[in-house]
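Inspection log for the structure reproduced underneath, given as structure tokens.
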Amino acid sequence: MKKILTTITASVLMATTGCASIVSDSQYTMAITSSPDDAIFTITNENGQVVSKGHTPSTISLDASNGFFDGADYTIKYHKGGYEDSIVTVSSSVDGWYVGNILFGGFIGLLIVDPATGAMWKLPKTASQSLLKNQNADQEGKQLTLMSLDKVPGGMKPQLQKVSG
């Protein structure tokens, strides 16, 4: 009798819980890196709300779900002086443990528990970006002044370059 009761209890637990909810998380730790380091990053969710800010390298925690049966997507904007701004999109994907509900008969977990808790989704462990040097960065502090030829100081006239036009 005790063996039957244990089997029934285990069967009920397996049928009423979600595989991914037991094994996985609904929030994931993500390493945010860039090359070069010390870039400012801003992470926004699908609604445009800022969910995290910081400097690379950094480790942050993000929700894998954006609601019932809806995986989360994030936009990471990298900024560093002398480099071009860069934007990366990070999207959640279906967690492999979610498929375990089909294999083990956990239909409540498949249709309710895992989608409601967000455990059916996972996020990548890292988001990394190589920043491109801004070609205009070398021009900082330099000016272009337009003036008529008669206003150009005599010492600068040998440096003038003819522009066709």
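The values are calculated or read from the model by the stated rules, or taken from the named source; none is laboratory data. Everything numeric in this text was worked out from a predicted model, so none of it was measured. Neighbour counts run over all protein chains shown; Cβ positions are idealised from the backbone, glycine included.
Couple of notes before you dig in:
- Test for Ser128: is it more than 30 Å from Ser35 (Cα to Cα) and either in a loop (DSSP other than H, G, I, E, B) or modelled with pLDDT of 80 or more (or both): no
- Note on segment 64-89: residues that are outside any loop (DSSP other than H, G, I, E, B) and under 11 Å from the mean Cα position of the chain (by Cα) total 9.
- Tallying residues that are of a type in the set (Phe, Trp, Tyr) and either modelled with pLDDT of 95 or more or closer than 19 Å to Thr29 by Cα (or both) within segment 50-82 yields 2.
- Check on Gly141, in contact with a strand residue (DSSP E or B) (Cβ under 9 Å, 6 or more places away or on another chain), at pLDDT below 75 and exposed (fewer than 14 other Cβ atoms within 10 Å of the Cβ): no
- Residue in segment 88-106 that is in contact with a helix residue (DSSP H, G or I) (Cβ under 9 Å, 6 or more places away or on another chain), of a type outside the set (A, V, I, L, M) and at pLDDT 75 or above present: yes
- Of all residues in segment 54-63, those satisfying the criterion of being surrounded by 13 or more Cβ atoms within 10 Å (Cβ to Cβ), of a type outside the set (Asp, Glu) and assigned to a strand (DSSP E or B) are Gly54, His55, Ser58, Ile60, Leu62.
- Residues (assigned to a loop (DSSP other than H, G, I, E, B) and modelled with pLDDT of 95 or more) located in segment 5-45: Pro36, Asp37, Asp38, Ala39, Asn45
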